[in-house]
Each structure stands twice: as structure tokens, then as C-alpha cells.
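Please treat every number below as a calculation from the coordinates, not as lab data. All figures in this text were calculated on a predicted structure; none of them were measured in a lab. Cβ: placed from backbone, ideal geometry, glycine included. Neighbour counts: every protein chain shown.
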Amino acid sequence: MMYLNSPTINFNGAFLVNSMETGSLQIMSKQFFAVRILFQQTLNYPVLAYENSAAEIYAYCFDARQRGNLKLEAYAPCYLLQDKQSDNMTPVIANITWYVPSALYKRCADRAEAVLAGGVSGPVFQGKPFAVFSAE
């Protein structure tokens with residue numbers, strides 16, 4: 001993707017589990033599995049994640065919802081990329097450092113792999129993508 005020379009922003013707080021939406025990102029002409037979720041610091045910020053990070057967030061939020069947890073603590077540096085649909089800068093997660101018990105890592109690893117392998121059904125590519133990025 002176009003991370004070279006992209007500005008970054010660092011989020012340290014909590015993913016708001018119930019705000020997660022599944023969908024896609026369009027990068028050039030290709031669509032990728034993505035999630036959009038609110039990240040809470042002092043205020044709530046919408047962030048996007050795709051591919052591996054999206055699968056991780058999906059798996060962790062799925063587990064958290066089943067257990068009644070509303071937040072997942074994490075650190076998530078993001079690249080700020082210009083969305084061609086809205087002409088706004090959009091934070092896209094670069095990677096995630098989770099502040100969760102190790103047992104959660106173990107429970108979520110298989111689900112994240114299943115998401116990436118297409119083994120989890122859902123409205124992944126339906127409708128307009130969350131954002132459209134190009135190399136221009």
C-alpha cells in the first residue's frame with residue numbers, strides 16, 4: 001500500500017467492541033476485507049483496518065461480545081491516508097499491540113485465520129467500500 005511518507009497518528013486506548021462493522025477497503029482496483037471500529041481515547045475516533053489487522057479485530061471483538069466485554073484495550077498506530085470518496089484523511093491501522101490476557105490470544109488465533117481464509121461468513125464485500133485509496 002502507500003505507506004511511504006504517510007503521516008501517522010498513535011492511538012492508545014480501547015476498541016469499542018459493539019461499534020465494529022465489517023466491509024471492505026478498495027486499494028487501487030482491488031477490494032480487501034476490512035473492519036471499521038471506534039477507538040476510544042479521550043474522544044472516540046473511527047479507524048479502519050484491513051486484512052490481518054481486520055481479522056484480528058474481528059476475532060477479538062467476536063470473543064469479547066460472547067463474554068459481555070464492551071472494550072478491548074490496545075495500542076494502534078495508524079497511517080493517515082486520503083480517502084478518494086470523501087477527500088478526508090482516514091486513519092488505517094498499521095499494527096496492533098493488545099493489552100489483553102494471554103488466554104484471549106489463544107482463543108482468537110484460529111478465528112482470525114478462518115477470517116483470512118474466507119471461513120467466516122458475513123456481509124464482507126456488500127455495498128460501497130468504507131474508503132478508496134490510490135497511489136496518486
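What's the longest bit of the chain with no exposed chymotrypsin sites (Phe, Trp or Tyr not before Pro), using DSSP loop states and at most 12 other Cβ atoms within 10 Å as the test?
Values: sites that count: Y3, Y99.
The answer is 4-98.
Hey, which aspartates and glutamates would be in cross-link range of K106, C-alpha to C-alpha under 15 Å, not counting anything within fewer than 8 residues on its own chain?
E56, D63
Taking 7 Å along the Cα-to-C-beta vector as the label spot, tell me the Q85-N69 distance in nanometres, rounded to one decimal.
A separation of 2.9 nm, rounded to one decimal place.
Using only alpha carbons, build the gyration tensor for the chain and give me the equivalent ellipsoid semi-axes, biggest first, whole Å. Mind dumping the intermediate values first?
Working: eigenvalues 109, 63, 32 Å².
With the √(5λ) rule applied to the chain, the semi-axes are 23, 18, 13 Å.
Could you put K30, K84 in order, starting from the residue whose Cβ has the fewest other Cβ atoms within 10 Å?
Working: K30 8, K84 13.
Ordered by Cβ neighbours within 10 Å, fewest first: K30, K84.
Roughly how tilted is helix 102-116, in degrees to the nearest 10 and between 0 and 90, from the longest Cα axis of the chain?
Helix 102-116 and the main axis of the chain meet at about 50 degrees.
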